[in-house]
2 protein chains.
Amino acid sequence: MHQPRSPAEQVRDRALAESKAHEYVRELCDSVGPRLAGTAGDGMAVAWAKAKMVAIGLSNVRTEAVAVVHWERGRESGEVTSPAKQALALSALGGSVATPEQGIESEIVEIKSLADVDALPVDALRGKIAFFNQPMERTRDGAGYGRVSPIRQSGASKAAAQGAVGMLMRSLSTAENRLPHTGAMRYEEGAPKIPAAALSLPDADLLQRLLVTGHPVRVHFTLGCRSFPEANSANVVGEIVGQDKPDEVLLIGAHLDSWDLATGALDDGVGVGMVLEVGRLIGQMHPHPRRTVRIVLFSNEEHGLSGAHAYARTHESELERHVAALELDHGTGKAYGIAYLGGPTAAPVIEEAWFPLQALGLPRPTSPTRGGADLIPMHPAGVPLLTVQQDGTQYFDIHHSADDTYDKVDPAAMSQTVAVAAALVYGLADAEKDLGRVPLDQRPKTR
Amino acid sequence: MHQPRSPAEQVRDRALAESKAHEYVRELCDSVGPRLAGTAGDGMAVAWAKAKMVAIGLSNVRTEAVAVVHWERGRESGEVTSPAKQALALSALGGSVATPEQGIESEIVEIKSLADVDALPVDALRGKIAFFNQPMERTRDGAGYGRVSPIRQSGASKAAAQGAVGMLMRSLSTAENRLPHTGAMRYEEGAPKIPAAALSLPDADLLQRLLVTGHPVRVHFTLGCRSFPEANSANVVGEIVGQDKPDEVLLIGAHLDSWDLATGALDDGVGVGMVLEVGRLIGQMHPHPRRTVRIVLFSNEEHGLSGAHAYARTHESELERHVAALELDHGTGKAYGIAYLGGPTAAPVIEEAWFPLQALGLPRPTSPTRGGADLIPMHPAGVPLLTVQQDGTQYFDIHHSADDTYDKVDPAAMSQTVAVAAALVYGLADAEKDLGRVPLDQRPKTR
């Protein structure tokens, strides 16, 4: 007996057969390119995304204004000046101040962790360049990145408070090539703002080897980055309006912005491509699911989560009717599981939605999850969170570096992830019951 | 019964137990760094090598003057200007002329091979930028590189003869990252000298994707390279003087120069480190082998083989007493075999020298070989050629790029290669018979 396929199974199979997600990424990368918040590419990306949502048949397509920081990189260079002259491959961290035009030059002091800064003797960093040299572990789920990313966020201010004049760090990267990985940093109130940059792993290795000899190691570097006045950007939103409960929203998002060193193919072009394709595929299903599926392409995730905050503010009164939220922002790897965070009776609901995904080899959904970064501002409202777990083993070879280009995209793995996300979203948007609300004591704590 | 080990076995086992080859590479990379012919690093490398030969106990340590080209890179940048602006990662080919200060900008025309240039319609390249887009095959023995390297050598002049104003090429690389691979090019007489650069593979892929859309693709690039007057460099030579036949020479060499984008750890720092270690280990054997083992660190292999030509000229009268020559210039990979080219009765001689290498898993030596590039000027004299075959599967991920840094060095694989080279060199230098001379009709033809 051949069972008729459920709508969720149909949408899954159409994703596997005909996903266009990789085509959308290619278009975004090749026709827009880098799209760091506030830059010309950011505006081009918003226009592209809006037109694409219309083209694939979404309803209520609109932009929602977001004010964003605007920072640009400019020229940058570095070198060891002593014991012997050696070029260094480095990139300013996002938000760094510039050096003086002639650069800064000083002895470096190696530090492993943020905690080590406090353990240093008084004045050990005074007038020096702090060199954070903590390796990052390769993991499937990205946990290795989470463990070291506070160094990038806070290392400069921590070191500056102890008198350091500059901050260099081993890139948060698993790739052994000469491409540095950038990413956001933040100056803390009260500490001097010192220039901060990431070194490629081979360059960090070089400094480490030179330090082992016991001779002072001096480095010179120049950053030409600039901060501009706040700029206008936008979240781009489109919907498949629910058949029965149009006011209840299942949100699926990705972030539209990228870092400036490359075209952001994996971070987060693939996410953009995949959520658009989920939207297209679900939009073609008749009937539509009971609840509204809302596609949100967030502005400026990378440099301050301003799109996410703006979304939560703009839709504050509506968040109680957000029945779940899912963000795809973990690269091009194949989906291997689902994680969720919901109310006390969420398990049977998510398991029913998981049913069509067993055929793709996905194990029973696990809980909890923190969800994607753009969902953080929804945590206080108790919105249930979903994660499609993608294999990120290779992701941090590429992430935030000049290597984040379209040739790294894996169309077949993307199709699988689209199939998982589409079936899951369809299933939950169409389910009789919902996931409840995340109880107050179980909501993720902001790190 | 325990057989006493032969001297070749002893030198093999000492190499495996205590090779310092990787330490020499590290010193060269970290204290000298890039050492392109004619630059300050070139002179520093010569001084370093001479001091190192003395320190490890070689005899007759000397420099032999070599006049070299002197070319420097300067600033370089590139971008797609149409259909959409996109940055391109590129590096000038060694020897290229500069662009005008404002760069050149034109439509690109994709070409697969040198032969295709002749097949183009008249004027297809006139005023255009020729874009050679031939992928390179990954091979263990480097044959993939040999097949495509004529594009780098001659592509610019071939295209210029058809009216092209610039030449871009897909890097001769097997690495899918944004690091371009440089290398020597040569202008032919009669054709205009046009600027020439290599693109990283992802950038070549981008141009290829853009061309597929059928719209004209325009590129702008700027090269700030400069040629300077001929400079002074030197081959660095040291010996272990033969016990019985000091006038007969077994040459083992590597090249001391590197490209400028990195520290030349694999090309050819490891070769330098390994031949120095072979020298140290053989020098410590008593008695020394019958014939003289001569260690030669060639100047400027990369940009015109000028050290090799100078050596052959300086030692012209002595080449008939060069009983064999071996160059190590294929990276850090493990030795998997021996190839040779000798006279009609060479086989039993090389097989006896191979005997102690069976224990390392090396199969019976094969013939012929062309030997290393620095041995080319010795071909006309019929000098027997040796090759220690090293696994080069990963070599062209790194070769000639900014990624050629010490962290890529594999000390264990180097020890194995040192063991093979040291036992082979000792064996042949101490053998009763020699490899004869390469018959006239079997000498490699210069490509």
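In table form, for the structure just shown:
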item: Within region B:24-46, tally of residues that are within 8 Å of another protein chain (Cβ to nearest Cβ) and either outside any helix (DSSP H, G or I) or surrounded by 22 or more Cβ atoms within 10 Å (Cβ to Cβ) (or both); result: 3
item: Verdict on A:Ala234 being touching a residue at least 40 places away in the same chain (Cβ under 8 Å), closer than 30 Å to A:Arg294 by Cβ and crowded, with 19+ Cβ neighbours inside 10 Å; result: yes
item: Candidate set: region B:63-88, residues that are buried (at least 20 other Cβ atoms within 10 Å of the Cβ) and over 30 Å from B:Ser233 (Cβ atoms); chosen: the one farthest from the other protein chains (Cβ to nearest Cβ); result: B:Gly78
item: Among the candidates A:Ile104, A:Ile56, A:Ile129, residue that is more than 14 Å from chain B (Cβ to nearest Cβ), surrounded by 21 or more Cβ atoms within 10 Å (Cβ to Cβ) and β-branched (Val, Ile, Thr); result: A:Ile129
item: The listed residue being of a type in the set (Gly, Ala, Ser), at pLDDT 95 or above and touching a strand residue (DSSP E or B) at 6+ places or on another chain (Cβ under 6 Å), out of A:Gly392, A:Gly372, A:Gly382; result: A:Gly372
item: Matching option when the condition is outside the structural domain of B:Leu179 (by TED's automatic domain parsing), in a helix (DSSP H, G or I) and of a type in the set (D, E, K, R), among B:Asp403, B:Asp407; result: B:Asp407
item: Any chance A:Asp205 is out of contact with any Asp or Glu (no Cβ under 7 Å at 6 or more places or on another chain) and either among the acidic types (Asp, Glu) or under 24 Å from A:Thr99 (Cβ atoms) (or both); result: no
item: Hits in region A:249-263 (condition: in contact with a His (Cβ under 8 Å, 6 or more places away or on another chain) and either assigned to a strand (DSSP E or B) or without any contact (Cβ under 8 Å) to a residue 40 or more places away in the chain (or both)); result: A:Val249, A:Leu250, A:Leu251
item: From the options A:Ala98, A:Ala115, A:Ala130, residue that is part of a strand (DSSP E or B) and under 31 Å from the mean Cα position of the chain (by Cα); result: A:Ala130
item: Exclusive hit being surrounded by 16 or more Cβ atoms within 10 Å (Cβ to Cβ) and within 14 Å of another protein chain (Cβ to nearest Cβ), set A:Leu179, A:Leu172, A:Leu223; result: A:Leu179
item: Failed criterion for A:Ile151 (all others in (1) of a type in the set (A, V, I, L, M, F, W, C); (2) buried (at least 22 other Cβ atoms within 10 Å of the Cβ); (3) touching a residue at least 60 places away in the same chain (Cβ under 8 Å) hold); result: (3)
item: Residue among B:Leu179, B:Leu172 that is aliphatic (A, V, I, L, M), assigned to a loop (DSSP other than H, G, I, E, B) and under 17 Å from the mean Cα position of the chain (by Cα); result: B:Leu172
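Each row is one residue, and each column tells you yes or no for (1) part of a helix (DSSP H, G or I); (2) under 20 Å from the mean Cα position of the chain (by Cα); (3) not assigned by TED's automatic domain parsing to the domain that holds A:Pro287.
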residue: A:Ala347; (1), (2), (3): yes, no, no
residue: A:Arg364; (1), (2), (3): no, no, no
residue: A:His379; (1), (2), (3): yes, yes, no
residue: A:Thr387; (1), (2), (3): no, yes, no
residue: A:Phe396; (1), (2), (3): yes, yes, no
residue: A:Thr417; (1), (2), (3): yes, yes, no
residue: A:Ala421; (1), (2), (3): yes, yes, no
residue: A:Tyr426; (1), (2), (3): yes, no, no
residue: A:Gly436; (1), (2), (3): no, no, no
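The values are calculated or read from the model by the stated rules, or taken from the named source; none is laboratory data. Model, not experiment: these values are computed from the prediction. Methodologically, a virtual Cβ is constructed for each residue, glycine included, from the backbone with ideal geometry; neighbour enumeration extends over all protein chains shown.
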